[in-house]
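What follows is one structure encoded as structure tokens, with my remarks underneath.
The values are calculated or read from the model by the stated rules, or taken from the named source; none is laboratory data. Since we're looking at a predicted model, the values are computed, not measured. Here the Cβ positions follow ideal geometry from the backbone for every residue, glycine too, while neighbour counts run over all protein chains shown.
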Amino acid sequence: MNKILSLLHHLAVPSERNNFRAKGLHIDFLTGMIAVALLMAFFVNQQKTAILGYATDITIEKLFEKTNEQRTSKGLSTLKYNDLLARAAQNKAQDMLSNNYWAHYRPSDGKAPWSFITESGYKYEYAGENLAQGFMFSDGVVQAWMQSPTHAANIVRPEYNEVGFAVMNGVLNGEEITLVVQMFGKELSQANPIVRTAQAEEINEKLKPASKLSPPPPSPSSMQEKNDLAEKTIQNYYSGNIAINQTKPAQNVIFNIDKVSFSSTLVILLILTLIIVIDFIVARRLNIIRISGKNIAHFLFLVIIIVGVLIITKGLII
Amino acid sequence: MMYKREHRYTTHEVIEYLLLAISGGAFLLFLSIFKGQHMKQFIVSALFILYYILWGIIHHMRDQTLHLKVVLEYILIGGLALILLQMLLSV
């Protein structure tokens, strides 16, 4: 125990033993930290290349859970997971990556989110879509949506009773990103009006006659047609250049590379900041003047970098 | 080597620290503007780190305490931050 304390003292407290500068701020120690960081970065990059599916900590399970948490906190019923909505979300994500756009409506022909829903075979009375990209954690995605009034309105809309998600990695505008598509819906029960909501663009086309927009009533032939379409969609998906996708909530990710790299980055930066603070306080108290970098500058720099690390875990929503 | 002296911050020093803090604020602002655009965030980070190293060199030059060891200290701390940010941004 004494040895550990002595080592920590040597690392953080300036004394005669470390030439009156915390060992953690010596050139050799910092070089060692750089070597460790390089090894970590190499390992993380290797893992991300090998298992693109786990490039982020965003999982359907967590998104689904967090969305329902928001609804229950508002006294609303929880949403059921719907595979057709998930398929629609997956097709939308794939479409955005294939056609290189980031919007609710496809810019080339104005294809609406609802088209993806109806194509998946889901006959909706109410439908909505939330989009996100570039996030590192599921919590961050739902949190960002809840901070935007229009997206939050979608999540806590009482009319919806089902939801589907897609989390997809791919290249958008030349950059590797993770897209999240959230599709809400309520299945058409009778001849009710159809209401669709795509957030951020503030589209809320209300009370259009069901006869104009709803698919034909179910019959054995239309059901077959629907299955064919679904089959084609899956085939297209696998032949595309998309590396991974998630559409099922039952993801059991034990080891998440992004969580590990995020945590270790924060730990390294916080330890270094702590060493700088201790070194600064002790040096001030003892009036030690040394030929070394300025602790205040290092402290300021590291705090800014730590805040920066927290910012880069956030992404964009529309 | 160690000696004792009362250290008081000069106006120059205060201005320089303020400049570093303002630049840091601008860096964080750009990171927020480029949310979700990892390549741009990485470029902004690299520029800020480079600025920090240059700030250190100029500050110590004015302070007449510039030494290779000091320059290396700024480079190593900046380099460590750059590697960690690169790892997170996966660029």
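Results, tabulated for the structure shown:
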quantity	calculated
Any hit, the stretch B:59-78, residues being of a type in the set (Asp, Glu), closer than 19 Å to A:Gly32 by Cα and at the interface with chain A (Cβ under 9 Å from one of its Cβ atoms)	yes
Residue selected from the stretch A:275-289 under the condition of a type outside the set (Gly, Ala, Ser) and buried (at least 17 other Cβ atoms within 10 Å of the Cβ), by the criterion farthest from the other protein chains (Cβ to nearest Cβ)	A:Ile278
Qualifying positions in the stretch B:8-47 - out of contact with any helix residue (DSSP H, G or I) (no Cβ under 7 Å at 6 or more places or on another chain) and buried (at least 18 other Cβ atoms within 10 Å of the Cβ)	B:Lys35, B:Gly36, B:Gln37
Flag for A:Asn256 being closer than 25 Å to B:Arg62 by Cβ and not charged (D, E, K, R)	no
Residue that is farthest from the other protein chains (Cβ to nearest Cβ), among those in the stretch A:290-305 that are of a type outside the set (A, V, I, L, M, F, W, C) and more than 16 Å from A:Glu16 (Cβ to Cβ)	A:Asn295
Helices (runs of 4 or more DSSP H) contained entirely in the stretch A:215-318, each with at least 2 residues that are at pLDDT below 90 and in contact with a Phe, Trp or Tyr (Cβ under 8 Å, 6 or more places away or on another chain)	A:257-285
Failed item in (1) within 14 Å of chain B (Cβ to nearest Cβ); (2) more than 26 Å from B:Glu73 (Cα to Cα); (3) not acidic (Asp, Glu), with A:Leu39 passing the rest	(2)
